[in-house]
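A quick write-up on the structure given underneath.
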Amino acid sequence: MRILLIRPPVPEHTIGLKNVMICEPLELEYVAAGIPAGHEVEIFDMIVERNLPKRLKRFRPDVIGTSCYISGVNEVIRICRIAKLFNPKIRTIVGGVHASRVPEDFADRGVDCIVLGDGTTIIGELLAAFESGRPLTEISGLAIPDGDTRVTRTAERHYMPEPDSLPFPRRELVAHLANRYYYIFHQPVATMKTTWGCWYKCNFCFTWRVTDGAQYSRSPESIVEELAQIDSPDVYIVDDIFLINRRRLSAIAHLLRERGIRKKYLVYGRSDFIAENEDVIAEWAELGLSAVLIGLEASTDSELDSMFKENTVDYNVKAIEVLRRHGVDTYGSLIPNPEYTEKEWNRLMQFIEDNGLYYLNISPLTPLPGTVIWEEYQDKLTVPRRAHGLWDLSHTVLPTRLPLKQFYRFLLRTYSRAVLDIRRADRLMLRTRPPVWTYRYLRLWLGAMKILFQLRSAHRHHSPRQLRRAMDRGPELPAAAGS
């Protein structure tokens, strides 16, 4: 069979990191690695590639697989509908973390089945079922669309196998696009995953719920073996928390030195771990640790407590200091509350300035379906659930205390003051800074300007007309097309 794995494009209204980063479609590379020999597979990345009808006509797939976060639901459904209109016999599979938590969002006649767990290990069984005619209802770990709002779940399936048993992702399928993938100044960059799940239970995040509170971690030997096969000098480890286990980090570091592997690493870390384990940071800085993404979230302990963060502002401050002492950049994530007034926005800006933060991702509090806070906020939404492009963690989907336009103006002002000062950038960037007059530096500035331009008009995306546009799912299917 011919299988086309598709990453959907960024929706029209979506704001944010798409302008300063495009990473390889790791989730599809993993699924491709699980496809048995004898099948033909391609990956079509619609973030950097165009013209889906042309690819369908050239490749003529029997099966299409795609996945997304919440903001891409309508784009995924659009892809499946276009595929069914091209050939009603094409089988369509949807997966990903959002599908695992809210498969109902993908209930559509263009979608044949929704994978609720690890796609790498189920894809072979699905392809065999398509070839033999075996009913999908007999395969565990699926949701089958039943109308436009409901799904029928099959028997439960363990989320994933022993992580070391997974094959390495098939990066060669997008090797021709390698020069298009980057993360701010990290280019070329490969993405890598070493742990699924999380040890903490922040109420705004569903990562720990996707794996039912369990963590699935690869061994140091498996991690280093994959690193040895990666050509890129920069590696972005996308685990929700990589800097978490001293013994594991020490074992990985030992193997890296033993095998003489030198990379520049971008990883996620908890500030309390970083603050209490400076020797680990020192060791990894020598091995190439260049930047750490930290969920700082807020500038007050009361806000952190309200998020079930199990952390403190003091730890956040100490972690930033530790990283700076060892020449490692901090990429800080912050979550302003819709209740913010000018006072709270000013306090957040002062926190950014006091702690020398330059690289920032500021995401208004968003109650994602499947999180603990969803139940609290689901009846207060100002953006329809179906307007998925606005659920991008850059738009606010909740009522704001400030007028909506003013809320976005403060968000815009905070970004602008932090990012657009060249002297500030020159003073605060550490290992990741290229020379100012280079393409990479210019690309960051252009990307930042695009984000700021989008934020200037973000309040207009909440108009009835724009919300209707954001809810569009593509061409309607005739009754027989999805059957």
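Here are the numbers for this structure:
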| item | result |
| --- | --- |
| Heavy-atom surface of segment 72-150, accessible at 1.4 Å and reported per residue (Å²) | 34 Å² |
| Cα-based Rg / Dmax (Å) for segment 200-303 | 14.7, 46 |
| Rounded FRET efficiency, nearest 0.05, which uses the C-beta distance separating SER165 from GLU42 and R0 of 30 Å | 0.75 |
| Descending Cα extents along the principal axes, segment 50-145, whole Å | 34, 34, 22 |
| Pair-distance profile P(r), taking every C-alpha pair of the chain, with 20 angstrom steps and integer % | 23, 58, 19, 0 |
| Inter-centroid distance (Cα atoms) of segment 31-78 relative to segment 136-195, Å | 12 Å |
| Kirkwood-type radius of segment 365-483, with distances r between different C-alpha atoms, in Å | 17.3 Å |
| Distant-in-sequence amide H partners of VAL372 (H built 1.01 Å from N, under 5 Å) | CYS205 |
| Estimated distance in nm for a label pair at ASP301 and THR382, the labels positioned 7 Å out from Cα along Cα-to-Cβ | 3.2 nm |
| Quotient of Cα Rg and 2.2 N^0.38 Å for segment 125-269, N being how many residues it contains | 1.28 |
| Of TYR441, PRO233, ALA253, farthest towards positive along the dipole that unit charges on Lys, Arg, Asp, Glu beta carbons give the chain | TYR441 |
| In Hz, Karplus ³J(HN,Hα) per residue of segment 299-304 (6.51, -1.76, 1.60; θ = phi - 60°; x = Gly, Pro) | 9, 9, 5, 5, 5, 4 |
| Charge-dipole axis of the chain as Lys and Arg at +1 and Asp and Glu at -1 on Cβ define it, positive-most pick from PRO161, PHE130, LEU5 | LEU5 |
| Highest to lowest packing among 329-338, 364-373, scored as the average C-beta count within 10 Å | 329-338, 364-373 |
| Share of carbon and sulfur in the accessible heavy-atom surface of the chain [1.4 Å probe, %] | 51 percent |
| The chain: calculated mean residue ellipticity at 222 nm from DSSP helix runs of at least 4, using -39500 (n - 2.57) | -10500 deg cm²/dmol |
| Area accessible to solvent at MET21, 1.4 Å probe radius, in Å² | 40 Å² |
| Solvent-accessible area per residue, Å², over segment 356-483 with all protein chains present [probe radius 1.4 Å] | 50 Å² |
| Calculated FRET efficiency for the pair GLU353/LYS201, C-beta based, R₀ 22 Å, to 0.05 | 0.10 |
| Electrostatic dipole magnitude of segment 237-285 [Cβ: Lys, Arg +1; Asp, Glu -1; Cα centre; debye, to 20] | 340 debye |
| Between segment 307-382 and segment 405-422, the Cα center-to-center distance that results, in Å | 15 Å |
| Rg followed by Dmax, in Å, when segment 297-417 is reduced to its Cα trace | 15.1, 46 |
| Options PRO369, PRO336, HIS461, ranked by Cα towards positive dipole end of segment 324-474, top entry (Cβ charges) | HIS461 |
| Additional length obtainable on full extension of the chain from HIS176 to TYR69, 0.36 nm per residue less Cα span | 36.1 nm |
| Largest-first principal axis extents of the Cα set of segment 1-76 (Å) | 40, 25, 19 |
| Nearest-0.05 FRET efficiency for PHE453 and ASP314, computed from C-beta distance (R0 56 Å) | 0.95 |
| Karplus 3J(HN,Hα) series, Hz, for segment 170-187 with 6.51 cos²θ - 1.76 cosθ + 1.60 (x for Gly, Pro) | 8, 5, 5, 6, 10, 4, 5, 10, 4, 6, 8, 9, 7, 10, 6, 9, 8, 7 |
| Charge sum, other residues only, whose C-beta stays under 11 Å from ARG424's C-beta, Lys/Arg counted +1 and Asp/Glu -1 | 0 |
| Amide H within-cut-off set for LEU296, under 5 Å, with H built and near neighbours excluded | SER333 |
| Amide H contacts under 5 Å for ARG91, placed H, 5+ residues apart | VAL63, ILE64 |
| Radius of gyration, Dmax [segment 247-327; alpha carbons; angstrom] | 14.0, 46 |
| DSSP bridge orientation in segment 19-175 - percent antiparallel, rounded to nearest 5 | 45 percent |
| 3J(HN,Hα) from dihedral phi, segment 459-468, Karplus parametrisation 6.51/-1.76/1.60, rounded to Hz, x for glycine, proline | 4, 6, 5, 8, 5, x, 5, 5, 5, 4 |
| Exposed trypsin sites (Lys or Arg not before Pro) absent: longest stretch of the chain, with sites in DSSP loops and at most 13 other Cβ within 10 Å deemed exposed | 90-261 |
| Chain lengthening between GLU278 and THR152 when straightened (0.36 nm per residue, less Cα-Cα) | 40.4 nm |
| Entries of LYS309/LYS343; LYS343/LYS405; LYS405/LYS450; LYS309/LYS450; LYS193/LYS309; LYS57/LYS89 with Cα pairs more than 20 Å apart | LYS309/LYS343; LYS309/LYS450; LYS193/LYS309 |
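The values are calculated or read from the model by the stated rules, or taken from the named source; none is laboratory data. From a predicted model like this one, the values you see are computed outputs, not experimental measurements. Don't worry about glycine lacking a Cβ; one is built from the backbone with ideal geometry, like all the others, and counts go over all protein chains shown. With ligands, DNA and RNA removed, areas are computed over all heavy atoms of the protein, side chains included. Shrake-Rupley method; radii C 1.70, N 1.55, O 1.52, S 1.80 Å.
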